[in-house]
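Trainee: Sharing a structure here in structure tokens format.
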Amino acid sequence: MAAANLLDFDLDGLGTFFELLGEKRFRAAQLSRWIHQRGVSDFAAMSDLAKSARARLLDVAAVQPLQLVSERESADGTIKWLFDVGGGNAIETVFIPEDDRATLCVSSQAGCAVGCRFCSTGHQGFSRNLGAGEIVAQLWHAEHALRKRRGSGERVISNVVMMGMGEPLQNYSALLPALRVMLSDHAYGLSRRRVTVSTSGVVPMIDRLRGDCPVALAVSLHAPNDALRDELVPLNRKYPIADLLASCRRYLEAAPRDFITFEYCMLDGVNDSQAQAHELLALLHHAPSTRIPSKVNLIPFNPFPQSGLLCSSRERVLAFAEVLRDAGIVTTVRKTRGDDIAAACGQLAGEVQDRTRARERLARRTVAIHAAGSGRSEIERPGLVSGSGERT
Ligand code: SAH
Ligand code: SF4
């Protein structure tokens with residue numbers, strides 16, 4: 001029988017596992033602290049657990065880390081780890097240090113089935129969901145590798161964003177225990193406000209998350225109307241904007257923050273016109289049926305070769321932001337981090353054995369987007385904008 005991976009369990013699961021071994025349930029908290037707070041995987045070193053318990057664990061369990069393929073560090077201090085998750089798949093995890101926080105961007109799937117037009121992961125297609133242990137192992141590795149590097153036992157990572165590869169709400173059964181480990185006082189002890197789930201809009205799962213584990217929510221909107229969003233984020237055909245915003249309003253009843261963050265990737269000539277800024281404003285701010293307390297995070301598009309898209313010019317991004325700010329919506333322009341090592345938003349590609357023929361489908365959709373967008377045909381310039389802002 002394969003050993004159970006203890007990284008798969010939240011505290012409750014660890015307690016049940018301990019009980020099955022004939023141990024006291026409450027001892028699971030000690031085990032959790034050894035694993036997550038001290039980064040120990042060797043049961044023999046867990047000195048406050050009974051010898052008999054340690055021997056039993058050795059027989060039936062393991063703390064199974066991910067297999068590290070490479071680590072790359074950007075000039076700006078961003079670090080990207082590539083992990084082999086078997087079957088020809090690899091996933092990426094990114095550490096982003098800032099003055100007032102240190103954020104880990106975590107992957108939830110090998111690939112992604114949503115297939116957003118502007119996303120490198122989406123272009124790769126979908127291979128499989130990660131297990132809870134594989135999600136947690138990214139944080140476990142990053143936190144303890146960074147502590148070792150710094151020669152200190154102090155906590156390094158202050159925030160987690162589920163913004164790596166994959167759609168977290170399409171892997172809910174693994175996401176939930178992983179979030180609980182992040183929040184547990186016997187593990188990483190992060191506050192709900194500092195753990196963000198980013199979603200392209202899986203409406204029923206937004207409702208589930210609200211009931212089960214309401215952490216901060218970021219919604220990838222990217223378009224002010226259904227016609228354009230249908231093209232950019234294909235999931236919109238199933239869960240259109242009005243339904244999505246209604247679920248966001250319900251989420252706010254339980255959310256740790258009193259607004260929803262909307263992410264909007266700035267695509268040259270596609271979704272970045274003044275008219276579209278006003279349309280977004282009407283949607284989020286004025287229309288009684290869809291109005292919602294919002295923060296908008298404009299993400300300069302990070303180009304990758306197959307996308308066929310360009311980033312909006314800096315002027316256009318700022319003009320778009322101004323329309324929203326003038327109406328009182330807090331609007332940030334996300335700083336691009338780690339682009340020299342392809343660790344910026346939407347550039348995470350890992351290695352995915354596609355089982356969905358995503359590449360062909362996405363190639364066919366290019367034309368439709370330009371037709372559904374503003375129709376502006378001139379191209380201002382490719383490249384990245386960096387301005388003041390934050391990751392979420
Ligand atoms: N699947 C989830 C989380 C992962 S993507 C989601 O879509 O929200 C994290 C964020 O990066 C999303 O807001 C996504 O729209 C954005 N993104 C994807 N590709 C991008 C790119 N090429 N440039 C900039 N942002 C991108
Ligand atoms: Fe998937 Fe998010 Fe990329 Fe869309 S943006 S393809 S939902 S990872």
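Trainee: Taking the Cβ of THR16 as the centre, find all other residues whose Cβ is under 13 Å away and add up their charges (Lys, Arg: +1; Asp, Glu: -1). Provide the component values of the computation, followed by the final result.
Mentor: Details: positive: LYS24, ARG25, ARG27; negative: ASP8, ASP10, ASP12, GLU19, GLU23.
Net charge around THR16: -2.
Trainee: Neighbour counts of other C-beta atoms within 10 Å: give me HIS186, HIS285 arranged from fewest to most. Could the numbers behind the result be given before it?
Mentor: Numbers: HIS186 19, HIS285 16.
By the 10 Å Cβ count, ascending: HIS285, HIS186.
Trainee: By how many nm would the segment from ALA62 to LEU20 lengthen if fully extended, with 0.36 nm per residue of separation less the alpha-carbon distance?
Mentor: Working: separation 42, 0.36 × 42 = 15.12 nm, distance 1.57 nm.
Full-extension gain reported as 13.6 nm.
Trainee: How long is the gain from ALA55 to ALA287 if the chain were fully straight, where each residue apart is worth 0.36 nm and the alpha carbon distance is subtracted? Intermediate results must be reported in sequence, preceding the final value.
Mentor: Working: separation 232, 0.36 × 232 = 83.52 nm, distance 6.29 nm.
Net length gain for the segment: 77.2 nm.
Trainee: Among bridges DSSP assigns within the chain, what percent are antiparallel (round to 5)? Kindly include the intermediate steps, with their values, before the conclusion.
Mentor: Details: 22 of 48 bridges.
For the chain, the DSSP antiparallel bridge percentage is about 45.
Trainee: Stretch ASP340-ALA3 to full length: gain in nm at 0.36 nm per residue minus the Cα-Cα span?
Mentor: Between ASP340 and ALA3, full extension yields 117.4 nm more.
Trainee: Go ahead and run the numbers for FRET between ALA246 and SER173, Cβ-Cβ distance against an R0 of 25 Å, rounding to 0.05. Mind dumping the intermediate values first?
Mentor: Details: r = 24 Å, r/R0 = 0.97.
Efficiency, from the Cβ-Cβ distance: 0.55.
Trainee: Counting helices only, and only those DSSP H runs with n ≥ 4, report the 222 nm mean residue ellipticity of the chain as the sum of -39,500 (n - 2.57) divided by its residues, in deg cm²/dmol to the nearest 500. Kindly include the intermediate steps, with their values, before the conclusion.
Mentor: On the way: 12 runs with 126 residues, N = 392.
When only DSSP H runs of four or more count, the value is -9500 deg cm²/dmol.
Trainee: How big is the dipole moment of the chain about its Cα centre under a simple scheme where the beta carbon of each Lys and Arg is +1, that of each Asp and Glu is -1, and everything else is neutral? Debye, nearest 20, please. Write out the running numbers ahead of the final one.
Mentor: On the way: 47 positive and 44 negative charges, 105 e Å.
With Lys and Arg at +1 and Asp and Glu at -1, about 500 debye.
Trainee: At 20 Å minimum axial length over the Cα atoms and a Kyte-Doolittle cut of -1.0, report the qualifying DSSP H helices in the chain, or say none.
Mentor: Values: long enough: 132-150 (27 Å, -0.64); 358-372 (21 Å, -0.26).
TM-like helix candidates: 132-150, 358-372.
Trainee: Region 301-344 to region 114-184: how many Å between their Cα centroids?
Mentor: 23 Å
Trainee: If R0 is 51 Å, what FRET efficiency do you get for ASP84 and ALA319 from their C-beta distance, rounded to 0.05? Provide the component values of the computation, followed by the final result.
Mentor: Numbers: r = 44 Å, r/R0 = 0.86.
My answer for the efficiency is 0.70.
Trainee: Something else: With the radius of gyration and the Kirkwood radius both derived from the Cα set of the chain, what is their ratio Rg to Rh? Spell out each step's value before the answer.
Mentor: Numbers: Rg = 21.4 Å, Rh = 21.6 Å.
In the chain, Rg relative to Rh is 0.99.
The numbers here are math on the coordinates, done by the rules we state, and not lab data. What you see is a predicted model; the values in this text were computed from it and never measured. No Cβ is skipped: glycine too gets one built from the backbone with ideal geometry, and neighbour counts run over all protein chains shown.
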